[in-house]
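Right, one structure below, let's go through it.
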Amino acid sequence: MALNYKIYQSNANNSTKGKFYARASHKETVGIKELAAVMQDNCTVKHSDIVAVLSELSEVMKQELQRGNRVRIDGLGIFKVNIRSKGAKTAQEFSAAENILGTRINFRPESFVNTNGSHITNMLSGLKVKEDGTYESPRTKDKNTENV
């Protein structure tokens, strides 16, 4: 299996403008029911039990994150809440209502250090990439332009 990518040209108004980059091409979104179906085939636990456990996991994670805790799921990674805020000139001028812009969940995937000393994300270990064949690649456009 390979992760598909599409090539796109940057139109940002900076030094990247006009350069070509790869962007991951996602085919579909897999939900709890689809994951549970695959998991049921890989073990002795029933589909309904897997769905129940995963549904409860999301509820418990929400509670723990809202308590300010990090949530580690072995083999997956760590979830935590971060705060986005704008600066105040002094600590006395800081107000949560004025300076806190919002919150977001950050995820840090579990990783290991390989023999070269590089950090490798467990879920990406052995990942291959290939260009998506379902779109008109800029390479094809360039070739067509060159042949005209």
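For region 85-101, 3J(HN,Hα) computed residue by residue from phi via the Karplus equation (6.51, -1.76, 1.60; θ = phi - 60°) reads 8, 10, x, 10, 5, 9, 4, 5, 7, 5, 9, 4, 5, 8, 9, 7, 8 Hz, glycine and proline entered as x.
Structure remark: mean-square fluctuation, Gaussian network model of the chain, C-alpha springs under 10 Å; the largest value among GLN40, GLN92, GLN63 belongs to GLN92. Mind sorting out which of (i) 18.1, 54; (ii) 22.2, 67; (iii) 15.0, 49 is the real Rg and Dmax of the Cα atoms in Å computed from the coordinates? Structure-derived value, by its label: (ii). Close amide H contacts of TYR5 (hydrogens built in the peptide plane, cut-off under 5 Å, sequence separation of 5 or more or a different chain): SER25, LYS130, GLU131, ASP132.
Kirkwood hydrodynamic radius of region 70-127, from the reciprocal of the average inverse Cα-Cα distance over all distinct pairs: 14.2 Å.
Cβ-Cβ distance of ALA91 and ASN4, R₀ of 35 Å, FRET efficiency by 1/(1 + (r/R0)^6): the value works out to about 0.10. Subtracting the Cα-Cα distance of ASN122 and THR134 from 0.36 nm times their residue separation leaves 1.5 nm of extension gain.
Rounded to the nearest Hz, the phi-derived 3J(HN,Hα) couplings of region 47-60 under the Karplus curve 6.51 cos²θ - 1.76 cosθ + 1.60 (θ = phi - 60°) are 3, 4, 5, 5, 4, 4, 5, 5, 5, 5, 4, 5, 5, 5, where x marks glycine and proline. Placing +1 on the Cβ of every Lys and Arg and -1 on the Cβ of every Asp and Glu, with no other charges, gives the chain a dipole of roughly 580 debye about its Cα centre. Label reach from ILE32 (point 7 Å along Cα→C-beta): in region 64-82, amide nitrogens under 16 Å belong to 64. Looking at the chain, the DSSP beta bridges with both ends there are about 85 percent antiparallel.
The longest stretch of the chain left intact once loop-based GluC sites (Glu not before Pro) with at most 12 other Cβ atoms within 10 Å are removed from consideration, loops following DSSP, is 29-92.
Checking the table LYS6/LYS27; LYS27/LYS128; LYS80/LYS128 against a 22 Å threshold on Cα-Cα, which pairs fail? As for pairs spanning more than 22 Å Cα to Cα, those are LYS80/LYS128. Taking trypsin sites (Lys or Arg not before Pro) across region 42-148, the ones in a DSSP loop with at most 16 further Cβ atoms lying within 10 angstrom of their Cβ are LYS46, ARG67, ARG70, LYS86, LYS89.
In straight-distance terms, cross-link reach from LYS46 covers every one of the lysines whose alpha-carbon lies under 23 Å from its own, apart from those fewer than eight places away in the same chain; here that gives LYS33.
None of the figures in this text is laboratory data; all of them are computed from the coordinates on show. These numbers were taken from a predicted model, which means no experiment stands behind them. Please note: Cβ atoms are built from the backbone with ideal geometry, for glycine as well, and neighbour counts cover all protein chains shown.
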